[in-house]
1. When only Cα pairs under 8 Å and 6 or more residues apart are kept, what is the percent relative contact order across the chain?
2. If you average the C-alpha positions of the stretch 90-155 and of the stretch 1-28 separately, how far apart do those two centres end up, in angstrom?
3. Evaluate E = 1/(1 + (r/R0)^6) for residue 10 and residue 44, where r is the Cβ-Cβ distance and R0 equals 25 Å; express this FRET efficiency to the nearest 0.05.
4. Arrange the peptides 136-143, 37-44 so that the one whose residues have, on average, the most other Cβ atoms within 10 Å appears first.
5. Where a ≥ b ≥ c are the square roots of the eigenvalues of the C-alpha gyration tensor, would you call the chain rounded, which needs a/c under 1.5, or, failing that, prolate if a/b is larger than b/c, or oblate?
6. Report relative contact order for the stretch 1-45 in percent, whole number only (criteria: Cα-Cα under 8 Å, sequence separation at least 6).
7. Just check the stretch 1-45 against the gyration tensor rule for me: Cα atoms, a ≥ b ≥ c as the square roots of the eigenvalues, rounded for a/c under 1.5, and otherwise prolate or oblate depending on whether a/b exceeds b/c.
8. Once you sort the root eigenvalues of the Cα gyration tensor of the stretch 62-113 as a ≥ b ≥ c, which label holds: rounded (a/c under 1.5), prolate (a/b larger than b/c) or oblate (the other case)?
Ligand SMILES: [Zn+2]
Ligand SMILES: [Zn+2]
């Protein structure tokens, strides 16, 4: 391995059993199909499944939901079916939050879209005016604190 230069390196791409588009790398560093393939990554083609019509309406009041909801099939706006499992139902009931209307993939995409982009800007601490690196763009209204001011604020 030392002779071939493999020693100490990360595992080669060829050993990865997953498609690039089904890993967290796609969230942080999105690639197109052609770009991923040309760099040696695999690509996951989701098998086409026939959409099964939704078997029940998701109730608005989480407390009224029975455990039989886990046997129902739901339709997402993206054209995929999804189910809600028993631990999910008890979790939503416990926290008194509504049952999701979208499939897990769409929920993940929505969550990822709310994050700040992976880019650092030069910012100024809102208290001591020290220069800091931040993922908040200067146009955003949020007040950025340096590490020391943040620690003083929190503890
Ligand atoms: Zn969906
Ligand atoms: Zn500061």
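1. Worked out over the chain, it gives 13 percent.
2. That distance is 30 Å.
3. 0.75
4. Per-residue Cβ counts within 10 Å, averaged per peptide and sorted highest first, yield 37-44, 136-143.
5. Because a/c hits 1.5 or more and a/b fails to exceed b/c, the chain counts as oblate.
6. Averaging sequence separation for qualifying contacts and normalising by length gives 43 percent for the stretch 1-45.
7. Prolate, because a/c is 1.5 or more and a/b exceeds b/c.
8. Oblate, since a/c reaches 1.5 and b/c is not below a/b.
None of the figures in this text is laboratory data; all of them are computed from the coordinates on show. Here the structure is a predicted model, which is why all the values come from computation and not from measurement. All Cβ positions, even for glycine, are placed from backbone atoms using ideal geometry, and neighbour counts span all protein chains on display.
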